[in-house]
Structure formats: C-alpha cells, structure tokens
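The values are calculated or read from the model by the stated rules, or taken from the named source; none is laboratory data. For clarity, every value in this text was computed on a predicted model and none was experimentally measured. Cβ coordinates were reconstructed from backbone atoms using ideal geometry, including for glycine residues, and neighbour counts include every protein chain displayed. In case anyone asks, the SASA skips ligands and DNA or RNA and just uses the protein heavy atoms, side chains included. Shrake-Rupley method; radii C 1.70, N 1.55, O 1.52, S 1.80 Å.
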Amino acid sequence: MSATQEPPVREHAAERKWVGKSIRRLEDPKFLRGRGNYVDDLRVDGMLHAAIVRSPHAHAKIISIDATAARELEGVVAVITGAEAVELADPLPDFGPAPDKHVWRLLAADKVRYVGEGVAAIVATSRYIAEDASDLVQVEYEPLPVLRDPEEALKDGAPLVHEALESNIGYQRVFQFGDVDADFEAADAVVSDRLHWHRSGAQPLETVGAVASYDHGTGMMDIHANSLSFTSYLFMMAMTLKIPENRLDITPHPAGGSFGSKLWAVKVSATAGMLSKAVGRPVKYVEDRIDNMSNCDHHGSDRIYYCDLALTRDGEFKSIRIRTIEDYGAYMHFGVGHHGNALAQVTGPYRIGSVEYDLKAVITNKCQQGAYRGFGSEVNNWMLERMVDLAARELQMDPAALRRRNFIGADQFPYYIPTGNVYDSGDYEQVLDKALGLAEYEHWRAEQQRLRKEGRYIGIGMATCQERSVFSATEFWFWFDEPGAPVTSMPESITVRVGPTGDLTATLYSCASWGNSPETMTAQLLAEEFDVDPHSVTVTYAGTRNGLPATGPGGSRLTVMLAGAIEGAAVRIKDKARLVAEHMLEASADDLEWVDGGFQVKGSPDSRASLGDIAIQTHLFKHSLPEEIESGLEASKVYDHPFTTMPSADRKNLGVFYPFMGHACHIPIIEIDIETGHVTFIKYIAVHDCGTLVNPRSLAGHITGGTVQGIGTALIEEYIYDDDGNLLTQSYMDYLIPTAMEAPEFVIGHVETPSPWTPHGIKGGGEGGRMMAPAAVAGAIDDALAPFGVRTRELPATPERIVAMIEQAERAGADAAG
C-alpha cells in the first residue's frame with residue numbers, strides 16, 4: 001500500500017485545557033433524577049400497544065392462522081398476520097450475499113425458522129389486552145427437522161432453512177493474504193487446535209422499543225426509537241415501510257444500554273411503523289425480556305475455529321491458517337461484517353507475515369446474529385491469544401516473553417498487516433511493561449508456586465490484544481467480487497450555535513446516549529476549541545428529518561468522528577468571528593490571535609473581543625458590521641471518515657477500513673476451586689492505549705463495564721439451545737450475568753500513543769474491556785490448572801466445564817500411566 005494514500009500527519013497540542021480531564025458526565029443528572037426520557041416513558045395521545053404472537057417451533061411451515069377470537073376481544077384494534085404484513089411492509093434490510101434467498105421479514109409469512117419468530121401482531125388499547133389476545137390466536141404448524149449444530153448443517157442431506165439457497169451456507173470463501181504456503185514450509189513448528197466460542201448476548205437494561213405514528217393525511221411517519229444509529233442509511237428503513245425517505249422522521253431516545261445490540265436494530269421500529277400505518281394511530285412496541293433474549297436483532301457470535309500457527313523454534317510467528325464456521329442463525333441481516341472486524345486486526349499486535357482465512361457462514365434454526373461489543377473482533381482476539389498461549393506451552397516459553405518477541409516495534413508505525421488494514425500507532429512493549437508492573441508479575445509467579453504446595457491453584461492470565469476503531473462500512477461489501485467495491489465515508493455531523501451571550505449549543509444527528517457519553521465528549525471537545533467550561537455547553541439531538549448525514553456509535557467510532565466534526569465547525573465559527581473582531585477592534589486579521597475565549601490584538605491583550613462580545617454583534621447588530629457578514633454565529637460540519645482505501649480486485653488486499661488501532665494488556669490473577677470449578681478473582685489489571693485520552697474517568701467506566709461483560713462471556717453467559725431448537729436460557733433465572741459481587745476490583749492503567757491522523761490523536765475505546773477479558777481469563781484458567789494439563793478450548797468456561805476438564809485430564813493422565 002502506497003504511503004502517499006495516508007492522510008497528512010497532524011500536529012497535536014502539547015498542552016490542553018479540557019481534553020484529558022476527568023470531568024463529571026453531562027448526562028448523569030437527568031438519568032439520576034429519572035428524567036432520561038427513555039422510549040418506554042413516552043406517552044402519545046391515542047397511543048395503542050402491540051404484542052407479537054411467536055412461534056413455539058424452531059422450524060415449521062405455517063398451515064393456517066385463525067385470529068377470530070383475538071379480534072373479538074374487547075380492546076383489540078387489529079390483528080396483522082405474517083401474510084397480511086407482506087402487503088404492508090417489504091423485507092428488512094439485509095447485508096448478506098443473497099438477500100433474495102434468505103428473506104427476512106417483520107413477521108414470518110409461510111414458514112418459521114427459529115423459536116420466537118413472530119407470526120402475527122396484535123394492536124390493542126393496552127399491552128395487557130394485546131398480550132391476552134396473542135394467546136387467543138390459533139396457529140397450525142407443520143413441524144420440520146431442526147438444525148442446531150452448524151457442522152451438522154453443512155452435511156449433505158441436511159434439511160434446508162432457506163430452500164432458495166439450496167444449502168445452509170450463507171457465505172463461504174477462502175482468503176489468502178501473503179505467501180502462506182511458503183511461510184508454513186519455512187516454519188520449525190506448527191501448533192493446532194479446535195476452539196469454540198459459544199453464543200451470548202448484550203442484555204441491555206432497556207430492551208428495544210419504539211413509538212410510531214403515521215399520518216395518512218400527509219404521508220409522514222414519525223418514529224421515536226432507542227436504536228437505529230445508522231441515520232445515513234435511513235432510506236433502507238423507509239424502503240421496508242414502503243414510504244419515501246423524506247417522509248420518515250426518527251427521533252432518538254437514550255438507549256438504556258446497547259453494547260452493539262441496538263446497532264441498526266430495525267425490526268422493532270419497523271414493526272411499530274407498519275402497525276401504525278395499518279391502524280392510523282400511534283403504536284408503541286417495546287420488547288419484553290423474553291422477546292429481547294429470544295428474538296432480538298443481535299445475538300452475539302457463535303463461532304468454531306480450526307487453527308494452525310506456524311513459528312520458528314525460537315518463537316518467531318510466521319503465518320496463521322484460520323478455518324472458521326460461524327453459526328449465524330436463521331438470517332444474515334448484517335452479512336458477515338463480524339469477520340470484517342476480525343480481519344481488521346487478525347494478526348493482533350504481532351508481526352505475522354501471512355494469513356489464510358477460510359470462512360463459512362452457516363444458517364441454522366436459531367435467532368439471528370448481529371453486533372455485540374467487539375462485533376466479532378473480540379472472538380478473533382480470543383482465538384489468537386489461545387494460539388499464542390498454546391505456542392508458549394509447546395515451546396516452554398514465558399507467555400510475556402513470547403509476546404514481546406513478536407510485537408510490532410514502536411518504530412514500525414504506521415504498520416500494514418497482511419489483510420491491507422493499517423495500524424496507525426502504538427507502543428506495545430510499554431503497555432506490557434506497565435501491566436506487568438501493576439500486576440506484580442514476578443511476585444505472583446512466586447506466590448503461585450508456594451500456594452500450589454498448599455493445594456491451592458492460582459492462575460495468571462495474559463492477553464495483549466487490539467481494539468480497532470472507527471470503521472468504514474467498506475467491510476460490508478469487500479466480501480464480494482464486484483469490481484470497484486465502494487469505499488464508504490461513514491460521516492458524523494454537528495451543528496454548533498453561539499448564542500447572543502456566547503453560550504454554546506451543539507446539535508448531534510445520531511443516537512442519544514448509548515452509554516458512550518456523547519454529550520460529555522462533545523462538551524469537552526467544544527470547551528477545548530472555545531475555552532469555555534464544558535458544563536456550560538448544551539447538547540441536543542435532532543430527528544432525521546432535519547438531520548445532517550450521521551452514522552452514530554458503533555465500532556468505537558463516535559468520539560473520534562465527533563472530534564473531527566467539532567474541529568471543522570469550530571474553524572468555520574472562528575473564521576466568521578475573526579471577521580467580526582477585525583471590525584470591532586479595527587485591526588487586520590493578521591494582527592489577531594485567539595486567546596482564552598476570544599480574539600485579541602497581538603501584543604495588546606487589553607484590545608480584545610470575547611466570544612460573547614462577538615456573538616451579540618452578529619445576533620443583534622448586523623447592520624453595524626460589513627455587508628458580507630450575515631446575522632448569527634453558527635456552523636455545521638459533516639466530517640467524513642479520514643482514511644479508507646479500495647480493496648484490490650482479487651481481494652488479496654482488503655484496503656484500509658479500520659485504521660485507528662487501540663491496544664491493551666489484561667492480566668487477571670485468579671484462584672480455582674478444583675472441586676467446584678468456581679473461579680475467584682484475586683486481582684485484575686487492565687492497561688489500555690486509546691491514543692489521547694479525552695475523559696479518563698469515562699474511559700475507566702468503559703473498561704470496567706466491558707471487562708465485566710467479558711468475564712461473563714468467559715465464565716457464565718451462554719444462549720443454550722436444545723435439540724428441538726428451544727432456547728433454554730431465555731430469562732435471568734437461567735442466563736447468568738455477572739453482578740457487582742462477581743466483578744473484581746480493577747487496577748486500570750493508561751499509555752497514550754496519539755494517532756497521527758485524528759483530532760487530538762484520539763482513538764476509540766468503547767469496546768476494549770470485552771475484547772480482552774475472555775482471552776485473558778481463559779489463559780488464567782489454563783495457568784491455574786497447568787498441573788492437570790488442562791487446555792480451555794471453549795467459552796464460557798462454566799464451573800461444570802472446568803470440573804469436566806479436570807476430570808478428563810486426570811483420566812487421560814491415568815490412561816497414559818497405565
């Protein structure tokens with residue numbers, strides 16, 4: 001890749017006033033006072049409520065639906081069956097390779113493909129009546145064979161989930177980046193393994209919800225929603241609802257938690273919209289907890305790996321072969337974007353010369369996959385670190401030493417990995433050294449040996465992983481062979497208004513408060529530009545009807561992109577303010593400088609006009625200013641992705657699509673009770689490099705929350721389906737999540753290697769904890785149980801699985817001895 005394609009290197013300020021400060025979040029007061037304005041709090045005159053009739057079968061033909069009794073129930077306004085919904089709404093957006101062959105609809109029309117898929121919708125005067133009516137709908141099914149295991153689904157003669165596909169493979173391709181065969185031939189050793197990352201989900205505090213109102217007089221559709229961050233792709237929602245895009249307005253509400261699970265979660269909003277259009281009144285539809293767990297748009301990854309890592313006898317990594325089978329469930333609305341995320345950082349922080357990536361996306365009778373914090377790259381991190389730990393065991397090398405041996409050097413950035421993506425900056429040895437120091441690594445190695453003599457099993461895990469940030473959606477279409485795959489900009493926009501007294505108001509055009517503190521980030525970044533107190537800044541959200549292009553959160557992108565938009569808007573405002581100051585101070589532009597929130601004459605600080613002085617002139621006294629200066633002081637900026645490039649025609653180079661690369665080292669220290677399999681955390685160290693820190697306090701919250709989610713993924717969280725396709729873990733009685741009692745106390749550290757290509761050198765940091773923790777915890781389990789020869793090959797490593805691994809290792813040892 002030519003270096004001439006790279007953006008210019010930015011000069012970053014040596015000192016900052018507000019960026020890097022741990023200020024209190026602007027969002028907190030309204031949430032703490034119960035004034036968050038969540039979508040389920042919304043009440044609209046004449047509003048009706050919806051409930052969904054769901055299939056009890058994982059795979060069955062719909063023979064007939066009798067809704068007579070439901071329609072006759074007092075308070076029921078309408079019952080819409082799947083067949084009727086076909087006339088009211090088109091299929092949902094689908095980024096898969098063959099959307100016409102795995103059609104995804106709001107309600108199933110002819111066949112259900114997983115337990116919980118909707119077959120009819122009830123609209124009633126209350127949710128209680130709607131739920132009662134749903135029990136009165138009689139559906140006759142013809143059950144079909146169920147596919148639960150993706151490897152079984154690949155076999156000849158397996159029943160088909162979508163007959164039009166003529167197989168259960170939604171996508172397959174083998175990618176080669178570099179000379180894999182030659183690198184394996186030159187290797188001294190190859191370590192191989194089969195790994196299985198089981199399915200889990202995000203568990204947001206508030207489920208997905210929407211209130212839709214369709215006006216038959218104007219043809220306008222208004223939807224209030226806590227999802228739908230892709231406002232740049234609003235037209236796809238409009239297509240599903242069969243209305244023009246300019247007659248659809250979506251107003252964002254706080255997500256109440258997302259972690260990716262509400263990223264372009266269209267089904268709920270579109271269902272509410274379809275029903276409102278059908279009945280001519282506002283309709284609210286909010287998932288209940290079982291709906292969300294069994295039928296949401298976004299289950300997490302469900303992936304099997306067969307991996308081979310080639311290396312030299314002194315521990316130098318040469319190449320990796322990855323064969324992955326991904327269970328996508330019944331539909332592929334996000335295509336195989338999970339693996340674009342993986343390929344953005346497939347070689348981790350290591351100098352691995354070549355990669356073979358064999359991908360099969362398999363369709364089964366489960367709920368569909370989507371985004372969950374990491375969006376597939378966290379699974380790749382776990383796989384790669386599992387292989388590094390296996391190599392360390394085979395070579396009898398210290399895990400830290402083997403990683404250090406293969407790190408990309410701090411002087412090698414920007415660094416292009418075999419897939420074509422670029423890492424902008426980093427210092428991985430510094431991160432590792434800081435983590436080892438905070439962990440008291442040598443002390444705990446000594447303690448581990450001492451405590452083993454007492455029959456206690458202490459484990460020290462380690463993961464050194466990447467956190468890609470700021471995606472370009474090019475990754476959604478470089479999978480296909482069409483020449484000239486489009487390079488997408490994925491913009492973010494802002495409007496900044498300076499009021500008559502100098503107060504700042506910022507308007508954002510994407511989702512409200514996903515937990516990533518967009519109001520706080522915006523206020524701090526504006527404060528840095530204009531030398532104001534960030535708590536004096538007001539941040540509002542616009543609906544899409546009046547909105548500028550925006551993509552919203554996802555892929556750890558929003559802070560970087562908002563910083564670019566804010567910087568651009570600030571330049572435009574200051575350019576106009578300078579013209580006003582020239583007139584007010586009777587000075588030339590070259591004689592003015594911006595200092596402490598206003599323009600002053602160089603060398604004459606008393607000759608000065610503050611931002612407020614300038615603003616009131618533009619708002620009230622335009623006719624005292626030169627004719628070319630218009631009233632008001634505001635500017636908008638649409639900031640496009642700063643660095644993305646075309647993939648090669650043969651797809652041996654996928655181009656740059658995720659260029660701002662964070663990094664972290666996690667070191668958990670645990671103790672395992674070998675009788676029960678229970679894991680206790682003694683200490684947990686997390687050192688992150690997210691470029692320049694904007695708000696360390698907020699980032700620490702991301703790291704803590706994400707790491708706890710990662711611990712849940714590693715130890716207890718799992719969507720379990722039985723052979724009939726029933727989800728056995730569809731409530732919190734069965735699906736376990738970590739509480740404060742299970743969360744360890746964290747020691748958090750930071751290293752800052754600024755990006756050369758972003759405002760202030762910022763990188764994303766919203767997903768890092770979950771992207772590192774599963775790999776680190778798995779390594780700690782292996783380390784604790786090393787005397788038994790245990791190897792953790794699947795997650796979650798529940799107590800039952802840990803005990804089974806110990807027993808299996810003991811049996812194997814006894815057989816070998818006998």
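Tabulated data
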{"read-out": "Share, in percent, of DSSP beta bridges within the chain that are antiparallel, nearest 5", "value": "80"}
{"read-out": "Global form of the range 1-143, assessed from the alpha-carbon gyration tensor, a/c cut-off 1.5", "value": "oblate"}
{"read-out": "Share antiparallel - DSSP beta bridges, the range 634-789, percent rounded to 5", "value": "70"}
{"read-out": "Hydrodynamic radius by Kirkwood, which averages 1/r over all alpha carbon pairs of the range 538-607, in angstrom", "value": "14.8"}
{"read-out": "The chain, helix-only ellipticity at 222 nm - DSSP H runs n ≥ 4, -39,500 (n - 2.57), divided by all residues, nearest 500", "value": "-8500 deg cm²/dmol"}
{"read-out": "Exposed chymotrypsin sites (Phe, Trp or Tyr not before Pro) absent - longest run of the chain, DSSP non-H/G/I/E/B, at most 14 other C-beta within 10 Å", "value": "1-479"}
{"read-out": "Leading residue at positive end of dipole, the range 454-596 (Cβ point charges), from 530, 508, 569", "value": "508"}
{"read-out": "Surface/4 estimate of mean projected area, convex hull on alpha-carbon atoms of the range 294-356, nm²", "value": "5.2"}
{"read-out": "Area of residue 574 that stays accessible when all protein chains are in place (1.4 Å probe, Å², to 10)", "value": "40"}
{"read-out": "Value of relative contact order over the range 734-818, rounded to a whole percent, pairs C-alpha under 8 Å and six or more apart", "value": "15"}
{"read-out": "Relative contact order (%) - the chain, alpha-carbon pairs under 8 angstrom, separation at least six", "value": "16"}
{"read-out": "Full-stretch length increase - residue 673, residue 16 - with 0.36 nm per residue and alpha-carbon distance subtracted", "value": "231.6 nm"}
{"read-out": "Pairwise centroid distance, computed over Cα atoms, of the range 170-226 with the range 425-460, Å", "value": "34"}
{"read-out": "For the range 26-102, alpha-carbon Rg relative to the globular expectation (2.2 N^0.38 Å, N residues)", "value": "1.67"}
{"read-out": "Å² of accessible area per residue within the chain, as computed with a 1.4 Å probe and no ligands counted", "value": "36"}
{"read-out": "Residue list for the range 586-614, given a label point 7 angstrom along the Cα-to-Cβ vector of residue 501 and an amide N cut-off under 17 Å", "value": "610-614"}
{"read-out": "At R0 = 51 Å, FRET efficiency that the Cβ-Cβ distance of residue 536 and residue 732 yields, to 0.05", "value": "0.75"}
{"read-out": "Cross-link reach list, lysines versus residue 318, counting only Cα pairs under 19 Å and skipping chain neighbours closer than eight places", "value": "652"}
{"read-out": "Evaluated over the range 13-64, the Cα radius of gyration and Dmax, each in Å", "value": "23.6, 70"}
{"read-out": "Cα-centred dipole magnitude for the chain, charges only on beta-carbon of K, R (+1) and D, E (-1), debye, nearest 20", "value": "600"}
{"read-out": "Cut-off 15 Å between beta-carbons: net charge of the residues surrounding residue 121, Lys and Arg +1, Asp and Glu -1", "value": "-1"}
{"read-out": "Per residue, the convex hull volume that the Cα atoms of the range 507-654 enclose (Å³)", "value": "170"}
{"read-out": "Heavy-atom SASA rank of 41, 783, 156 (probe 1.4 Å, accessible area, largest first)", "value": "156, 41, 783"}
{"read-out": "Label-point separation in nm, residue 306 to residue 125, each point 7 Å along Cα→Cβ", "value": "6.2"}
{"read-out": "³J(HN,Hα), Karplus 6.51/-1.76/1.60, whole Hz, each residue of the range 183-198, x for Gly, Pro", "value": "5, 5, 5, 7, 6, 8, 8, 9, 10, 9, 6, 10, 10, 9, 9, 7"}
{"read-out": "Net charge of neighbours whose Cβ lies under 11 Å from the Cβ of residue 463, counting Lys and Arg as +1 and Asp and Glu as -1", "value": "-1"}
{"read-out": "Stokes-Einstein D for the chain, Kirkwood Rh over Cα pairs, 10 °C, 1.306 mPa s (µm²/s)", "value": "57"}
{"read-out": "Built amide H within the under 5 Å cut-off of residue 539, gap 5+", "value": "506"}
{"read-out": "Of all accessible heavy-atom area on the chain, the percent that carbon and sulfur account for (1.4 Å)", "value": "49"}
{"read-out": "Euclidean distance between Cα centres, the range 231-269 to the range 293-307, Å", "value": "22"}
{"read-out": "Normalised per residue, the volume of the convex hull around the Cα set of the range 406-561 (Å³)", "value": "226"}
{"read-out": "DSSP H segments from the chain that extend 15 Å or more along their own axis, Cα-based, with Kyte-Doolittle mean of 0.5 or above", "value": "266-279, 558-585, 768-784"}
{"read-out": "Under 29 Å from the Cα of residue 262 - lysines, other chains or at least 8 residues apart", "value": "30, 101, 111, 242, 277, 284, 360, 366, 637, 763"}
{"read-out": "Relative contact order computed over the range 464-536 (Cα-Cα under 8 Å; 6+ residues apart), in percent", "value": "17"}
{"read-out": "Residue 37 versus residue 745: modelled label distance in nm, points set 7 Å from Cα along the beta carbon direction", "value": "4.0"}
{"read-out": "Residue-span extension gain [residue 149 to residue 804] - 0.36 nm each, minus C-alpha spacing", "value": "233.7 nm"}
